[in-house]
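Worksheet for the structure shown next.
The values are calculated or read from the model by the stated rules, or taken from the named source; none is laboratory data. If you're wondering where the values come from, they're calculated on a predicted model, not measured in any experiment. Here the Cβ is made from the backbone with ideal geometry for all residues, glycine too, and neighbour counts use every protein chain on show. These area figures cover heavy atoms from the full protein model, side chains too; ligands, DNA and RNA do not enter into them. Shrake-Rupley method; radii C 1.70, N 1.55, O 1.52, S 1.80 Å.
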Amino acid sequence: MSQENTELMSLSREEAIHTSNILAEALPYIQKFTGRTLVVKFGGNAMTDEQLKSSFARDIVLMKLVGINPVVVHGGGPQIGRLLDELGMTSQFIDGMRVTDSKTMDVVEMVLGAKVNKEIVSLINHAGGKAVGLTGKDGQLITAKKLVVSQKTPELEVPEIIDIGHVGEVEQINTQVIDMLTASNFIPVIAPIGADDQGRSYNINADLVAGKIAEVLNAEKLILLTNVAGLQDTSGQILTGLGTRDVDALIADGTIKGGMLPKIRCALEAVQNGVTSAHIIDGRVDHAILLEIFTDQGVGTLITSQV
């Protein structure tokens, strides 16, 4: 036998041992989470990179196969923006939220409820799962109300109320729709569009929808995929194993700021309202979800209700 063949056999054996160690490490987590619900917000680079989309779908299918009930909530801001540009419609943002008039809302529903939602469903089904796509308007899943935004201006002693159109917030979640699907071995894939009691449609932040759904389902975990490695301290080190007091202190000293603030507050509110843990993980990593929930080290920031 040549030296080259010996090296190849040795490498294969090392890879096999490494794989078996990973599987053994995953076993107690699989046992712990079997029968539990995990809510995953799918967004960022993971939604645009073909390899990452494929690995995400396979992660979701594997979770279902080992007895976990995944519920997927997705965003689609970049896709909405591209179509608006193609249609010659200008996007305006206030405090990071897209001003959504009636015409823009039509585009939002078309992109989120049709194109993006159906693509995710197709990816999961192609990977061997049974996914069902729906928006918050289906089965009155998400009852929404208009989001009121106020801004302080030097000219006014009181904050100015700003109308940003069909942008909403969650008022109520109808868990019967999700329970029916998960009990029938389906994977719900939810677009963050809700309606009020008058039938008016609202575009809702996907992180907030995922957080509220995790709360009402008493989920084991809320997982938010992002385009960063997780919450970092001032020296760039990933922070994890945080309790509510830790998070409050990091907000107070300015470590948590900018675009990370809404995600952290969403995660914090979820764990304060019954979700066992919230995870902010790097969606740019292949199989980030599996690495976070089935390995000791994980790939992001873990937040719990511990003070």
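Here's the picture: charge each Lys and Arg Cβ at +1 and each Asp and Glu Cβ at -1 in the chain, and of MET47, GLY241, VAL111 the one pushed furthest to the positive end of that dipole is VAL111. Along the axis of the charge dipole computed for the range 163-307 (Cβ charges of +1 for Lys and Arg, -1 for Asp and Glu, origin at the Cα centre), the listed residues ASN174, VAL216, THR226 are led at the positive end by THR226. Multiplying the residue separation of THR255 and ASP101 by 0.36 nm and removing their Cα-Cα distance gives an extension gain of 51.9 nm.
The charge dipole of the range 90-152, taken about the Cα centre with unit charges on the Cβ atoms of Lys, Arg (+1) and Asp, Glu (-1), comes to about 120 debye, rounded to the nearest 20. Expressed in units of 2.2 N^0.38 Å, where N is the residue count, the Cα radius of gyration of the chain is 1.08.
Helix 3-33: angle to the longest alpha-carbon principal axis of the chain, degrees 0 to 90, nearest 10? With rounding to tens, the tilt is 50 degrees. For the residues GLN297, GLN51, GLN232, a GNM of the chain with alpha-carbon springs under 10 Å puts the largest fluctuation on GLN297. Helical runs (DSSP H, four residues minimum) scored at -39500 (n - 2.57) apiece and divided by the length of the chain put the mean residue ellipticity at 222 nm at -12500 deg cm²/dmol. For the chain, the Cβ-based charge dipole about the Cα centre amounts to some 640 debye (Lys, Arg positive; Asp, Glu negative; other atoms uncharged).
Any idea what angle helix 206-216 forms with the longest principal axis of the chain, computed on alpha-carbon atoms, 0 to 90 degrees, nearest 10? Between the helix axis and the principal axis of the chain, the angle is about 80 degrees. Could you work out which residue, out of PHE33, PHE42, PHE56, moves most in a Gaussian network model of the chain, that is, has the largest mean-square fluctuation with Cα springs under 10 Å? For the chain, modelled as a Gaussian network with Cα springs under 10 Å, the answer is PHE33.
Of the beta bridges in the chain, as assigned by DSSP with both residues counted there, near 40 percent are antiparallel. Count Lys and Arg as plus one, Asp and Glu as minus one, and take only other residues whose Cβ is under 15 Å from that of ALA114; the net charge is then 0.
Here the simple spin-label model places points 7 Å from the Cα toward Cβ, and for ARG245 and ARG200 these points are separated by 4.4 nm.
Charged side chains reduced to their Cβ positions (Lys and Arg at +1, Asp and Glu at -1) give the range 240-307 a dipole of some 200 debye around its Cα centre. Taking all protein chains as shown and a probe of 1.4 angstrom, VAL299 keeps an accessible surface of around 30 Å².
Report, to the nearest 10°, how far helix 77-86 tilts away from the longest principal axis of the Cα atoms in the chain, using its own Cα long axis and a range of 0 to 90°. The helix 77-86 is inclined about 60 degrees to the chain.
Over 27 Å apart at the Cα level, from the set LYS115/LYS146; LYS53/LYS146; LYS118/LYS257, are LYS53/LYS146; LYS118/LYS257.
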